[in-house]
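Some notes on the structure that comes next.
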Amino acid sequence: AVANTAYAMNLGVTAEANGVSIVSGSRITVTNAGTYNLQFSAQMVDAGGGGAGTDTNIWLRKNGSTTAYDIPDTASVATLPKPHGGNPGYHIIAANFFVEVAAGDFIEFWWAASDTQVQIEYLPAITVPFDSPGASSIIATVSFVSALP
């Protein structure tokens, strides 16, 4: 990724879907108009070296790919820890929003970081030094709350 450049987060596997789908890899669409609860978490990693932490932002856009489509007050900001002791600096960014959408609208999660070494990373299961399942790179949960008036 290029530093200080916005990118849409690509979503891959759908665990369950009921009136919600992923189109073009990043667009979350809904069948029914209404208010939806959108929750996300992203496993961020800074694999770079030295210096201060890296600033990373994640926010929502609706029906477009430029800043004109940003949903106000949806940015989540974190400073990732730099690598230490030979290990990357990991941090989970998570947030929860209520968003009104019409049938056919799409919502996307966008992100940008101040350093090219920042990635959204899937971590595979491990057995050493202990057993642990894998960690998803991005988890997005979209729940219908109520119909629009």
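At-a-glance table
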{"item": "Test set (1) out of contact with any strand residue (DSSP E or B) (no Cβ under 6 Å at 6 or more places or on another chain); (2) under 20 Å from residue 8 (Cα atoms); (3) polar (S, T, N, Q) - residue 127 fails condition number", "result": "(2)"}
{"item": "Test: residue in segment 109-118 that is closer than 16 Å to residue 39 by Cβ, in a loop (DSSP other than H, G, I, E, B) and touching a residue at least 12 places away in the same chain (Cβ under 8 Å)", "result": "no"}
{"item": "Matching option when the condition is of a type in the set (Val, Ile, Thr), exposed (fewer than 13 other Cβ atoms within 10 Å of the Cβ) and in contact (Cβ under 8 Å) with a residue 24 or more places away in the chain, among 92, 58", "result": "92"}
{"item": "All positions within segment 1-23 that are of a type in the set (S, T, N, Q), at pLDDT 90 or above and in a loop (DSSP other than H, G, I, E, B)", "result": "4, 5, 10"}
{"item": "Only listed residue being out of contact with any Pro (no Cβ under 9 Å at 6 or more places or on another chain), in contact (Cβ under 8 Å) with a residue 40 or more places away in the chain and exposed (fewer than 12 other Cβ atoms within 10 Å of the Cβ), chosen from 85, 19, 104, 25", "result": "104"}
{"item": "Count - residues of segment 28-54 that are under 15 Å from the mean Cα position of the chain (by Cα) and either among the small types (Gly, Ala, Ser) or open to solvent by 40 Å² or more (accessible area, probe 1.4 Å) (or both)", "result": "3"}
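The values are calculated or read from the model by the stated rules, or taken from the named source; none is laboratory data. Nothing here was measured: the structure is a model prediction, and the numbers come from that model. Cβ sites come from the backbone with ideal geometry, for glycine too, and all protein chains shown count toward neighbours. Surface accessibility is based on the protein's heavy atoms, side chains included, excluding ligands, DNA and RNA. Shrake-Rupley method; radii C 1.70, N 1.55, O 1.52, S 1.80 Å.
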